[in-house]
1. Take A:THR50 and A:ASP170, extend 7 Å from each Cα along the Cα→Cβ direction, and tell me the distance between the two endpoints in nm.
2. Between B:GLY223, B:GLY134, B:GLY276, where does the largest GNM mean-square fluctuation fall for chain B, given springs only between Cα atoms within less than 10 Å?
3. When the helix-only estimate is applied to chain B (DSSP H runs of n ≥ 4, each -39,500 (n - 2.57), divided by the residue count), what is the mean residue ellipticity at 222 nm, nearest 500 deg cm²/dmol?
4. Please give the length that would be gained between A:ALA16 and A:ASP163 if that part of the chain were fully extended, namely 0.36 nm times their separation in residues minus their C-alpha to C-alpha distance (nm, one decimal).
5. Going 7 Å from the Cα of B:ASP169 along its beta-carbon direction, which residues of segment B:177-212 have the amide nitrogen within less than 15 Å of the resulting point?
6. List the chymotrypsin sites (Phe, Trp or Tyr not before Pro) within segment B:125-164 that DSSP assigns to loop and that have no more than 16 neighbouring Cβ atoms inside 10 Å.
7. Which value does Rg/Rh take for segment B:188-337 over its C-alpha atoms, Rh per Kirkwood?
8. Relative contact order of chain B, please, whole-number percent, based on alpha carbon pairs below 8 angstrom and at least 6 residues apart.
Amino acid sequence: MTDVVARRPRVELPWAPALRLLLVERTALLVILLGGLVAFYASTVADFFTFNNLAGSTAFAVEVGILALAELVVIVTGRGAIDLSVGSAVSLASVFFGELLTKYDLSLGPAVVLTLLFGLFLGSVNGFFVAVARLPALIVTLATLFAFRSLALVITKAVPISDLPPRLYDLALYWHGIPRQTLLVYLPVIALVYVLLRFTVYGRHLYGLGTNALAARFAAAPVVFARFGAFAISGLLCAVVAIVTSARFASARPDAGTGLELQAITIAVLGGVAITGGVGAVPPVVIATILITLVNNGMNLAGIDPIWQQAAIGGILIGSALLNSFALRRYRLS
Amino acid sequence: MATPNRTHALPATVGDLLRLRTIGWREALEAREASILAVLVVMGIALGIAYPQFGTLDNVDNILLAVAQVAIVGVGMTMVIITGGIDVSVGSALSVCAVVVAMRIQDGAGIPEALVVGIAVGAGIGLVNGLLIGLGRVHSIIITFGMLNLLRVVSFKLTGGKWLTGLPDTLNYFGSGTLLKLPFAWWIAMAMAAVATYYLRRRPTGRHLYALGGNAETARLAGVAVLKRTIFVYTITGALVGVASLVFVGQAGQVVQTNVGYGFELDVIAAVVIGGTSILGGKGTVIGTLLGALLVGTIRNAFVIVDINPLWADFILGALILLTTALDLLRRRGRET
């Protein structure tokens, strides 16, 4: 390498700082997108921009929103970590919850506790194979996606479990027009995950692991435990979603989580979580959740065939993944 | 590194097994193809003794017909996984191709046109996958997962959610015809596998696929055209999905629904991974995938014969994927240390 070709100096365009802000600060981009979306729907779709509609639609944000936080916790640990099994884990945990309440006649409190433990166990299965046995997360969670779904169908013989105790449905009631599960479940979960990732040593280990696993190990971070824990937390959050879903549908369904993994991963990627690990935060993921929920809500109100929602979300996933990849390379963020 | 990486240089195949002296017993026992063959034989004998209806020629035909599409698409998927990628959109792509092909033959198209249309649509889908993954430099799971859902919508919109009924029997030969007692679809699969095996073992660009999966950055520095090879493997997989869609329409008979190929990707990925291709890339053979497809078919068939709830089948396949991946990685580590 004798002659180094000088690169043409990059011309600083006047809008470069603004572009940089949009590509690097995902929260800024999402807030602008959200503003645009609300303005668009508010002017084109009747009944969209009402308190009752906006507050009511958060009921749908709870489930995908919590799963997106689960993806955040997992994906941030890097090395291709991803949890494809969240939807199936929700299905299996709902079935478990329903069986406890009906077949074993447990009261609500113990059933909830046991279901949460069961979710922790399902996540630990993934965590064991990924962190301890060191298999790629992609293939492990793809395998458990089908295994959990299969178990949920086998246990219930593909029939939903109804006649759950009516007290459970109280969770899906409204408080001054706001769904209770938003206030009682979603907001506390957001706060807990935020504190976990931001202010605990364990949370910082997750980022360290995702940025450079070898460096994290030399810094005496418990690498195996941290990675295992990320998947276990994901399983626990799946159980939370399972309980909320059972309350909302008033039945425990073996297909409760089908397709939720797509929305969860889309929201996480749209929220700027880098699939390479080490990058991602709670606030943009929450804003992305609201964005996706409102996209669906507006399409529903406008009477568009719901099949297009699946297309929209698939498209958003691909688009935002391309955007993330471009932004990370252009500004050398990773 | 002083230790040569044997897995890249010489993946043992059935051909090598027939020449046991040249590769040695240890390698023969280590070759995944040998263990699957052993499992298949043991399973076949055990089921055949316990359930006489399992061993009948009709049932063997059933198994072969059921997994012919898995074998055909598995050839492409093997190449994708060898490069270190994955394609979970094959099920939805199969549905789009099948719907388009079915609509064409409904309008009176013959076999040549159906073949061209099926392959063109499939290859087009694969090309989009390859371009997005290669140019966008995004992990293949994200792109193909998005495509899985987009394509589902496409096939739904093509038919308007209705079933296509009253199809002519143009493609029946692809579905259930036999040549020398073997289903025609399996001849296609074996022909594809033969070409792919030659390409992967003998052609320089075929060897590049292993290099790419072993270490993409090193491969690029060594002059491998990473972008071209990436686009190539996804396009080929798409084209093979197009071929498989003809088999599918031929087997479906008169009716094609839009939920075609639901969960198809599990069977294909299971066949490839069980067949010894490493999910980390850089190692694998197409012959192994064909045997893997046979094993997947035998397992699914066994559930029916033994009369266990077939809903268990996905659980068993998931567990098998985990088990074989674990074995593969353990063996790798054993060699490294």
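1. According to this spin-label approximation, the distance is 2.9 nm.
2. For chain B, modelled as a Gaussian network with Cα springs under 10 Å, the answer is B:GLY223.
3. Numbers: 17 runs with 251 residues, N = 337.
Mean residue ellipticity at 222 nm (helix-derived): -24500 deg cm²/dmol.
4. Full extension of this stretch gives 47.0 nm more.
5. From segment B:177-212, the list is B:177-178.
6. Answer in residue order: B:TRP163.
7. With Rh from the inverse mean 1/r over Cα pairs, Rg/Rh is 1.01.
8. Relative CO of chain B lands at 31 percent.
Read the figures in this text as sums done on the coordinates, not as results from a lab. What you see is a predicted model, and the numbers here were worked out from it, not measured in a lab. We place every Cβ from the backbone using ideal geometry, glycine too, and count neighbours over all the protein chains shown.
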